[in-house]
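Here's the structure, in structure tokens; my notes come after.
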Amino acid sequence: VPGLTGTVSVNFLSSTLAIIALDLQPVLVITCAGTLGEMLWRANKRPRAMQVVFNLASVTVSSYCAYSAYHWRLLGFLHHPLPVPLFLATASFFLVNTWSLSGLIALTHTRNLWTVRRASFVWPATP
């Protein structure tokens, strides 16, 4: 993504599997541990403390939203077909995570939130 030094997280797979199989607390622990591992293990540039705190907060809120979407009681009438709740969980995680990052970039660079969001995170939806 232009202007961002991050990568697409392989931690997302383990988080998704945890959301499907585990309760909320282990999901949050697994997600935070995976995020810390990605940020610190073999890092070319050690992240600042504020970056670590923001990333952990963002991934915690995103994981909570994804877990809540997957286990949403109103989806009970579907008798748990995996694709619908999984899509909602994935979309929730992506939207909350990217909007929080867009908000941070917009605030720190005094840019328009919509412009940052469109420039940085629309690429997954483009062919």
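Points worth noting:
- Simple label model, 7 Å out from Cα along Cβ direction - ALA21 to GLN51, nm: 3.2
- Rounded FRET efficiency, nearest 0.05, which uses the C-beta distance separating VAL29 from TRP72 and R0 of 22 Å: 0.50
- Segment LEU13..LEU82, full-extension length gain: 23.3 nm, with 0.36 nm per residue of separation and the alpha-carbon distance subtracted.
- Accessible surface ranking that places the most exposed of ARG118, ARG46, ARG111 first, with a 1.4 angstrom probe: ARG46, ARG118, ARG111
The values are calculated or read from the model by the stated rules, or taken from the named source; none is laboratory data. Please read all numbers here as calculations on a predicted model, not as lab measurements. Positions of Cβ are generated from backbone atoms using ideal geometry, with glycine treated the same way; all protein chains shown enter the neighbour counts. Each accessible area value is taken on the protein alone, full model and side chains, heavy atoms only, with ligands, DNA and RNA left out. Shrake-Rupley method; radii C 1.70, N 1.55, O 1.52, S 1.80 Å.
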